[in-house]
Amino acid sequence: MHSQQTDQKLFSFELFPPKTEEGMEKLKTQVRKLARVNPLYVSVTFGAGGSTQQRTFQSVEWLVSEGIEAAPHISCISSSVAEIVQLLNRYKEQGIHRLVTLRGDLPSGTGLGGRGELNYANELVALIRREFGDYFHIEVAAYPEFHPQAANARADLNNFKRKVDAGANAAITQYFYNADAYFRFVDSCEKMDIGIPIVPGIMPITNYGNLSRFSDACGAEIPRWIRKRLEAYADDVESIRAFGVDVVSELCRRLLDHGAPGLHFYTMNQSAATLKIWDNLGLTE
Ligand code: FAD
């Protein structure tokens with residue numbers, strides 16, 4: 001893999017909007033700790049089903065008030081074009097310049113059907129470019145282990161290229177624990193003349209049950225040797241955390257050493273594991 005050309009390494013953090021006031025207060029404490037290491041931006045997820053959309057907006061508003069560059073996630077699966085354009089205008093008024101642009105997933109069991117007019121993220125990227133020109137910096141999702149609904153690996157790569165051709169500036173990957181899947185993915189992209197930075201998404205390991213559930217749903221593989229060790233720790237939370245920090249720090253080191261343009265941490269609204277990994281990488285100034 002060749003080093004992807006960027007002037008500076010792209011380090012960013014991801015949050016989800018809390019459901020309660022108490023959750024929001026806890027989040028503020030965690031974000032203030034994370035902000036001390038000067039990430040390029042902090043992104044906030046968006047519930048395609050509708051429940052978290054207002055909370056995404058409020059969390060972004062708070063980040064802006066703290067002087068932190070915020071990047072809202074936006075999805076198209078359950079919104080009309082008019083609703084999307086209205087939301088983007090609100091973000092523009094807030095001074096937001098960066099978006100994480102997705103198709104989205106509908107929450108299971110809600111009975112909500114996709115009522116969006118746009119079916120795929122490439123159509124959303126095209127809409128944003130048509131309506132807002134180059135105003136927004138657009139990040140899209142990439143899947144080194146391939147999206148679970150993709151017909152096959154080749155089709156998924158072609159679909160990723162559609163988003164790039166529609167005007168995406170950069171990509172963030174689904175999390176993975178197998179660095180070779182990422183290196184192969186980036187190699188394939190280079191062969192397809194995809195030149196945008198593809199930033200690895202990093203999921204710290206702190207809780208085996210949650211990680212296992214997420215991974216089954218999103219198609220990220222937990223290698224057997226990691227799974228077996230985590231299972232053996234059972235309820236020994238301290239050992240899980242220590243092992244998780246070790247494994248993920250090593251993964252990040254390998255990715256950066258081999259040319260990854262940065263790292264995007266799925267913080268799960270917690271600062272401790274991310275900051276330990278950050279320290280292990282010697283990124284603290
Ligand atoms: P797409 O790029 O549209 O791809 C979806 C599937 O359709 C793939 O299998 C692809 O191969 C196929 N496909 C794409 N384009 C076409 C086409 N034109 N024709 C035929 N097939 C096509 N979800 C949320 O709900 N909220 C969030 O905030 C959120 N944040 C995320 C952040 C990151 C960094 C990542 C990696 C994922 C995030 N997700 C989020 C999950 C994401 O919404 C899901 O993975 C979703 O299933 C796919 O979104 P996408 O933008 O990759 O879709």
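Out of the residues in the stretch 130-146 meeting the condition of being out of contact with any strand residue (DSSP E or B) (no Cβ under 8 Å at 6 or more places or on another chain) and on the phi < 0 side of the Ramachandran plot, tell me which one is least open to solvent (accessible area, probe 1.4 Å).
So in the stretch 130-146, the residues out of contact with any strand residue (DSSP E or B) (no Cβ under 8 Å at 6 or more places or on another chain) come out as 130-135, 146.
If we keep only those that are on the phi < 0 side of the Ramachandran plot too, we end up with 130-132, 134-135.
Values: 130: 167, 131: 99, 132: 25, 134: 136, 135: 61 Å².
My answer is 132.
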Checklist entry - Pairs under 6 Å by beta carbon, first residue touching a residue at least 60 places away in the same chain (Cβ under 8 Å) and farther than 15 Å from residue 170 by Cβ in the stretch 11-24, partner in a loop (DSSP other than H, G, I, E, B) and open to solvent by less than 80 Å² (accessible area, probe 1.4 Å), six or more apart or different chains? => result 13/39; 13/267; 15/269; 16/45
Checklist entry - Counting just the residues of the stretch 157-212 that are small (Gly, Ala, Ser) and under 25 Å from residue 276 (Cα atoms), which one comes out surrounded by the most Cβ atoms within 10 Å (Cβ to Cβ)? => result 171
Checklist entry - Within the stretch 45-77, which residues are touching a Gly at 6+ places or on another chain (Cβ under 8 Å), open to solvent by less than 10 Å² (accessible area, probe 1.4 Å) and not β-branched (Val, Ile, Thr)? => result 48, 75, 76
Checklist entry - Which numbered condition trips up residue 121, out of (1) near the ligand (Cβ under 9 Å from one of its atoms); (2) free of Cβ contacts under 8 Å to residues at least 40 places away in the same chain? => result (2)
Checklist entry - Are any residues in the stretch 207-219 within 17 Å of residue 176 (Cβ to Cβ) and either of a type in the set (D, E, K, R) or not in a helix (DSSP H, G or I) (or both), and if so, which ones? => result 213, 216, 219
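The values are calculated or read from the model by the stated rules, or taken from the named source; none is laboratory data. None of the values given here were measured: they were computed from a predicted structure. We place every Cβ from the backbone using ideal geometry, glycine too, and count neighbours over all the protein chains shown. Ligands, DNA and RNA are stripped out before the accessible areas are found, and what is left, the full protein with its side chains, is counted by its heavy atoms. Shrake-Rupley method; radii C 1.70, N 1.55, O 1.52, S 1.80 Å.
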